[in-house]
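**Student:** Sharing a structure with you now.
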Amino acid sequence: MSEKINLMPDALANQIAAGEVVQRPASVVKELLENSVDAGATEVRLVVKDAGKTLIQVTDNGSGMGPLDARMCFERHATSKIASSDDLFRLSTFGFRGEALASIAAVAEVELKTKRVEDQVGQRILVSNSKATEQEPIVCQDGTQFSIRNLFFNIPARKVFLKTDNVEFRHIEDEFMRIAMSHPEVAFSLEHNGHVLYQLRSENLKQRIVALLGQGQLENLIPVDEPTRIVSLTGFIGKPSLARRSRGQQFFFANGRYIRDAYLHHAVMNAYKDLIPDGHYPLYVLFMEIDPAAIDVNVHPTKTEVKFEDEKAVYAILYSALRKSLAQFQLAPSLDFESETVFQNPGASITGNTRHSGFGSAPMNQLPGGSGHIPAVTIRSSGQSNSPAAAWKSLYEVAIQTANPTEHEQVELPLQTAQPEEEKQKQLFQLHQAYVVAQIKSGMLVIDQNAAHERILFEQFLSKWQNQQQVPVQQILFPVRIEMSVQEAQILRENLEDLLQLGYELTEFGPTTFLVQGLPVDVEGMDATSLIQTLVDQVRHQVQLHRADRREALARTLARLQAIPSGKLLNQVEMERLINQLFACQYPDYTPDGRQTLFTLSLHEIAERLKPQA
Ligand code: ADP
Ligand code: MG
């Protein structure tokens, strides 16, 4: 009988092994970004084409590699990170096994350019199908650049299982966010098909959370800091009122690496129990430092799961730490008003955050929703006194009621007398057709009319949807036909119903063609085509950028488009309505993107300014 056992060719064995590590483009992204961070980089650039199917390129300014390492790094079990079995024990949970590059090189075409500071020249190496095909010295910058092309070119069966570019890119973005979140001190950028989607500077964790999850989160973050003997816990959690129906804002890190853990997630949900409605998820970004010896290492190294030896204790610590943080936030509403320097440059760390303000205007007397109180958009567990809205409102009301013409004579605005016919003096004044100035008890209040209206509309839109209210539609005499790309059409289709409720009547007229038949009364006179186009652009951009809810993105965009522009003259009634509506908002002090809507100037500050210089 003849022998039957054959040795598998190396390349094939490598490919099979690679299957464990490289499941999709996002796996490559994860490994490369981790390597860059491990190499001490302070700047890491990720460039992706076609959701990583065509190109994944990571450039860093880390340690770089010498000529030998540059070649060695593609060998299986080539790692600079494990020198003893102790190290292995410490690190193996997280996949430090020197397998990533070997696996990637088995299933793609890899180009490596790398240079150490101490070397005169760098190295360029091409590897394909696990074989180095070229190596040459080159002139290049200090650091390392990996370019991964044609992923799975040699495993067609695997390629077939890749999902659409949208889905694959979403996975890439997830990995990018996880690594960027856990290394706020490192500057990261992400570019997809020529568009820069993230440009994150080196910053602190709070700023990084805002840069990744949206400006709206700033007023919403509660710090967690709980050092215990078993585990030390730090990070931020979101206020209950802004919990969302969708996931995507939950991050756990154990010893610096992202993990997914249903049991610990349960601990968090339990801490929020009774504070958020069913089916909602709070934001959390939590870092656990734990003795590596207390983590079970018998878990698949490339999975994002870990097993804690004393799971119950970790659960209990997590639960009580969060309860404590949540309680502190509820007892100290004044914290809501702390302004952070982060605001000074909203959007600075995100490029492409274009704003199309001044895009038409809505007459103030046609504001949807009238001047009545706006129902809270989300359920609050804490008493009304905890909301910034309530506090601002009382501040303002007190000011109006106690405004006594003789009390602060020396600082009263001269222009308030321009409205003598007002029976009850409101003392409102429009500055350069852009700001509304009001006297308040402590001094004066300045409101940005455009930003304020954006906030008002945003909350009104959300509440329209929530309460199933319809905004009146103004029919267009001659329906406007709009052509879209396939992707744009898809976005528009997803939003048709919500748009209709807000007064935008659009119907499908073909796979990528739509007819605009009506617009909300407020936006009469705007160019329907560019309005819809801008809308689709911005919703897509925001959903990608902030992972915002689809609806929230739509509401933000519409609010921005419909908000009264600066430069529009407002009369007393309009100004008053604007202020009343603003203070009926849940978060009156910032636009949904974090632009400040108002500030106050106290009598004391004014007096200080006028003090004679010594
Ligand atoms: P591991 O990260 O588990 O060590 P990898 O296959 O991911 O295994 O990488 C192998 C080795 O290649 C690393 O240990 C490191 O020495 C080197 N290396 C990889 N990427 C970089 C980089 N961006 N900068 C410097 N060295 C790197
Ligand atoms: Mg690695």
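Quick note: the coordinates plus some simple rules give every number you see, no bench work behind them. These numbers were taken from a predicted model, which means no experiment stands behind them. Every residue, glycine among them, receives a Cβ derived from its backbone with ideal geometry; neighbour counts consider all protein chains shown.
**Student:** How large are Rg and Dmax for region 112-213 when only the alpha carbon atoms are used, in Å?
**Tutor:** Reported Rg and Dmax, both Å: 17.3, 45.
**Student:** Let me ask something additional. Order these peptides, 124-132, 287-295, by their mean beta-carbon neighbour count within 10 angstrom, highest first.
**Tutor:** Working: 124-132: 18.1, 287-295: 15.9.
Packing proxy ranking, top to bottom: 124-132, 287-295.
**Student:** Report P(r) for region 160-259: all Cα-Cα distances, bin width 5 Å, range 0 to the bin holding the largest distance, values in whole percent.
**Tutor:** 2, 10, 19, 22, 20, 14, 7, 3, 2, 0
**Student:** Out of the trypsin sites (Lys or Arg not before Pro) in region 424-495, which ones are loop residues according to DSSP with at most 14 other C-beta atoms within 10 Å?
**Tutor:** The qualifying sites are 424.
**Student:** A further question follows. Once you have the Cα-Cα distance between residue 185 and residue 483, take 0.36 nm times their residue separation minus that, and quote the gain in nm to one decimal.
**Tutor:** Computed gain between residue 185 and residue 483 is 102.9 nm.
**Student:** Also, quick follow-up: Over the Cα atoms, compute the radius of gyration (one decimal) and Dmax (the largest Cα-Cα distance, rounded to a whole number) for region 211-321, in Å.
**Tutor:** 14.0, 41
**Student:** Please list, in order along region 478-492, the HN-Hα scalar couplings obtained from phi with the Karplus expression 6.51 cos²θ - 1.76 cosθ + 1.60 (θ = phi - 60°), rounded to whole Hz, x for Gly and Pro.
**Tutor:** Values, residue by residue: 10, x, 9, 9, 10, 9, 10, 6, 4, 5, 5, 4, 4, 4, 4 Hz.
**Student:** Note the full-extension length gain between residue 602 and residue 141 as 0.36 nm times their separation in residues minus their Cα-Cα distance, in nm to one decimal.
**Tutor:** Once the chain is fully extended between residue 602 and residue 141, it gains 160.7 nm.
**Student:** Also: Starting from the amide H of residue 506, placed 1.01 Å from N in the peptide plane, find each other amide H under 5 Å away whose residue is 5 or more places distant or on another chain.
**Tutor:** Under 5 Å from the amide H of residue 506: 517.
**Student:** Once R0 is set to 56 Å, what does the formula 1/(1 + (r/R0)^6) return for the Cβ-Cβ distance between residue 474 and residue 120, expressed as a FRET efficiency to the nearest 0.05?
**Tutor:** Efficiency, rounded to the nearest 0.05: 0.20.
**Student:** Please go through region 138-191 and write out the chymotrypsin sites (Phe, Trp or Tyr not before Pro) that DSSP classes as loop and that have at most 10 other C-beta atoms within 10 Å.
**Tutor:** In loop regions of region 138-191 (DSSP not H, G, I, E or B), the sparsely surrounded chymotrypsin sites (Phe, Trp or Tyr not before Pro) are 161.
**Student:** In addition: Calculate the spin-label point distance for residue 50 paired with residue 225, positioning each point 7 Å from the Cα along the beta-carbon direction, and give it in nanometres.
**Tutor:** Going by the 7 Å Cα→Cβ label model, 5.0 nm.
**Student:** Can you tell me what the convex hull of the Cα atoms of region 468-614 projects to on average, as an area in nm²?
**Tutor:** 12.8
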